[in-house]
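For reference, the structure discussed in these notes is given below.
The values are calculated or read from the model by the stated rules, or taken from the named source; none is laboratory data. Quantities reported herein were computed from a predicted structural model and do not represent experimental measurements. Every residue, glycine among them, receives a Cβ derived from its backbone with ideal geometry; neighbour counts consider all protein chains shown. Accessible surface areas use protein heavy atoms only, side chains included; no ligands, DNA or RNA. Shrake-Rupley method; radii C 1.70, N 1.55, O 1.52, S 1.80 Å.
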Amino acid sequence: MALTFPYPLAFLSAHIKETQIPLGLRRFDETSGTARGQVWSARLATPLWTATVPLVARSWAEAREVDAKILALDGMAKTFLWADPVYLPAAGGAPGDGVIVSAIAPDRTAVALSGLPAGYAVAIGDRLSIAHSAGRIWFATFAEAGVADASGTLSALSVYPYVHLGVATGDAVEMARPSFKAMVEDYTGFTAMPGRYAQGASLTLLQKV
């Protein structure tokens, strides 16, 4: 059966160490300055999420399978879905499956939600993702805290990166296990060890928008 892309979330879930994986934003800014110390900057492209992901030791056979599937991504040409394996919303609780975008700030810096449980708390640093535009996924963190009212509506909170132009009111929101589409920027394959197991593999992923 032919491979389909992006690979589903289950592709890497069994191979990632159960540890917090720091996510970072790679910026594409250009700066220039003068002899008087004045500095100007311009953003040349949307910031992209990146992380280095360690893979757990596996049997030789399983390691070869992972190596082959990652090689089949053809460098950065193909994609896979990725979610932090140990992420949980800071305040706990289940946001549910019916969360949708109810409003977007005119400057795209904030988003309001509905369909949450009454009193559901969002902490600064909590994450969300929204699938949109036939295959794209927007992934961001909340930069403000808030609590859903009795009807499950969360007033507009600041987010970063800013809301993608393809995201619209009514779009479904994932808050329990937010994910994004990623490509492999660099990969260190498994090293076979005595005892029929292999270890030492890791990959550096970069978000695909």
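What residue, of VAL101, VAL66, VAL86, is touching a residue at least 40 places away in the same chain (Cβ under 8 Å), more than 19 Å from ILE16 (Cβ to Cβ) and not charged (D, E, K, R)? Step through it out loud before you land on a result.
Details: VAL66 fails: more than 19 Å from ILE16 (Cβ to Cβ); VAL86 fails: more than 19 Å from ILE16 (Cβ to Cβ).
None of the other options fit; the residue is VAL101.
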_Conditions first: (1) part of a loop (DSSP other than H, G, I, E, B); (2) out of contact with any helix residue (DSSP H, G or I) (no Cβ under 8 Å at 6 or more places or on another chain); (3) within 26 Å of LEU9 (Cβ to Cβ). PRO85 passes all but one, so which condition is the exception?_
(2)
*Here are GLY166, GLY200, GLY195: which of them is farther than 23 Å from GLY92 by Cβ and either among the aliphatic types (A, V, I, L, M) or open to solvent by less than 50 Å² (accessible area, probe 1.4 Å) (or both)?*
GLY166
*Consider GLU62 against the criteria (1) acidic (Asp, Glu); (2) within 25 Å of GLY200 (Cβ to Cβ); (3) under 21 Å from the mean Cα position of the chain (by Cα): it satisfies all of them except one. Which criterion is unmet?*
(3)
*Could you tell me whether LEU73 is within 18 Å of LYS181 (Cα to Cα) and assigned to a loop (DSSP other than H, G, I, E, B)?*
yes
*Considering only segment 11-51, how many residues are open to solvent by 70 Å² or more (accessible area, probe 1.4 Å) and of a type in the set (A, V, I, L, M)?*
3
*If VAL66 passes every condition in (1) outside any loop (DSSP other than H, G, I, E, B); (2) open to solvent by 40 Å² or more (accessible area, probe 1.4 Å); (3) of a type in the set (A, V, I, L, M, F, W, C); (4) at pLDDT below 95 but one, which one does it miss?*
(2)
_Residue list for segment 76-92, filter: open to solvent by 30 Å² or more (accessible area, probe 1.4 Å) and modelled with pLDDT of 95 or more_ = MET76, ALA77, LYS78, LEU81
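So that you can scan it fast, the table gives a plain yes or no per residue for (1) of a type in the set (Asp, Glu); (2) in contact with a Gly (Cβ under 9 Å, 6 or more places away or on another chain); (3) assigned to a strand (DSSP E or B):
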| residue | (1), (2), (3) |
| --- | --- |
| ASP149 | yes, yes, no |
| GLY152 | no, yes, no |
| HIS164 | no, no, no |
| GLY195 | no, no, no |
*Quick one: SER102 ticks every box in (1) at pLDDT 95 or above; (2) part of a loop (DSSP other than H, G, I, E, B); (3) open to solvent by 40 Å² or more (accessible area, probe 1.4 Å) bar one, so which box is it?*
(2)
*Taking GLY37, is it modelled with pLDDT of 95 or more, over 24 Å from PHE5 (Cα atoms) and out of contact with any Ser or Thr (no Cβ under 8 Å at 6 or more places or on another chain)?*
no
